[in-house]
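Taken together, the values in this text are just the output of simple stated rules run on the coordinates, not laboratory data. In this text, all values refer to a predicted model and were calculated from it rather than measured experimentally. Cβ placement follows ideal geometry from the backbone for every residue including glycine, while neighbour counts extend to all protein chains displayed.
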């Protein structure tokens, strides 16, 4: 390996990753907090009131980034899971299990804010719309992944079984999405049209993108913190953990 | 069984599992009776109006078949896992892929096929017309193998874990959504007079994809469980 390049494979060892991960967390967390503050400021004070929905639409600044992240985190999780199966690296499985609760949280947040948004605009908390239904099923997939890993005591088996499940889920997600969409068009009259995209003001779009970036950085910071905890828990019998300052205290 | 022949091994596994099921008839018949009982409970809970029952019939029968298949999953690998047969299968010269496929086919013959046979009788109780019943049977013929294949992944992943039965439900039910949508959709479409062809084709596509990919996932999950 050339000396100028960083040897990335070095960081696939939990021991090597633990330190840098800890040093990265404050940066990601601070950036997430600053961007969230900017995004919320734009969302609440700068963005104009919507002509049709009034002030109620402002929940979009939480709702849309949460929905994006819930889908994206599942893909990243499955990516780590697949990497763990192929390369048999321990850290990959730990990353996958560190990401799952964050993804589930975003899926839940997306459903929750969607319900709160639906009440004033559609007059109901829930419609069996294709997008809502597939988001709900995505949430169930996260819950299944977390439950499976929680039920297995041996961490290596938990990682591998979770990885198989995550990959099966990834193959299924497009099928589920299209089946639900088909089901929806067959069963439901056009009571609510979600597909008609309202022309969005540039400030609204800016606010949403800033919030999405904040959600992204938050997800990175939180999963790094969680993966550090997982590393400590699994490596608690190894020498390097006992030499750590924070572990000795 | 002929040695070194994958088809021989497949037939051997199927014959063995069918024989085991025949020796324990009560176990084999439990899912289909569960299906019948569940389907009979819905009219008691909802009311006997024929119009309403005809409307909900396809969905109720499909959900009932789905739950019945799921209940039988716990037995798919558990006995073989406990007495070490599964380990011998993994060590055998035949590919585990083939043996697993045989076990899934046997599971479908024992559990899925009786559902397909029982469903038309239950559909009569729900007042579905004759051609719709034929579509229901066709959708179940195509759909229950998908349920067995996907369910086997969940059964293999949860092998030997505490709370296995509930966990299988949590893992597998979200993955059953496409089969349910297309299966019940086919029957609904026939009732509505729009033709069930598209739904049945999509269900067939699901079966093709599941038959191709699921044995790999099941094999991988079993090897993880046997480690």
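Things to note:
- Normalised per residue, the volume of the convex hull around the Cα set of the range B:1-98 (Å³): 121
- Computed over the range B:152-224, the quotient of the alpha carbon radius of gyration and 2.2 N^0.38 Å is 1.37.
- Equivalent-ellipsoid semi-axes of the protein assembly as shown, from the Cα gyration tensor, Å, largest first: 41, 35, 16
- Dimensions in Å of the range B:139-185 - Rg and Dmax from alpha carbons: 11.5, 36
- Contact order for chain B, expressed relative to its length and based on alpha carbon pairs under 8 Å spaced 6+ residues apart, stands at 25 percent.
- Normalised alpha carbon radius of gyration of the range B:6-226 [divisor 2.2 N^0.38 Å]: 1.03
- Candidates B:175, B:166, B:207, ranked by Gaussian network fluctuation over chain B, Cα under 10 Å, top entry: B:166
- Just so you know, the Cα atoms of the range A:36-192 work out to an Rg and Dmax of 18.1, 56 Å.
- Here the label points at residue A:171 and residue A:240, each 7 Å from Cα along the C-beta direction, are separated by 3.5 nm in the simple model.
- Theoretical ellipticity at 222 nm over chain A - DSSP helices of four or more residues, -39500 (n - 2.57) apiece, nearest 500: -26000 deg cm²/dmol
- The label point for residue B:16 and the one for residue A:225, both projected 7 Å from the Cα toward the Cβ, are 5.2 nm apart.
- Unit Cα scatterers, Debye sum, the range A:1-96: log10 I(q)/I(0) for q = 0.12, 0.14, 0.16, 0.22 Å⁻¹: -0.64, -0.77, -0.88, -1.17
- Per-residue mean of C-beta atoms belonging to partner chains within 10 Å, peptide A:159-168: 6
- Tail fraction, Cα-Cα pairs, the range B:88-128, threshold 16 Å, whole percent: 55
- Adding -39500 (n - 2.57) for every DSSP H run of four residues or longer, then dividing by how many residues chain B holds, sets the calculated 222 nm ellipticity at -28000 deg cm²/dmol.
- Residue order for A:237, A:63, fewest other beta carbons within 10 angstrom first, comes to A:237, A:63.
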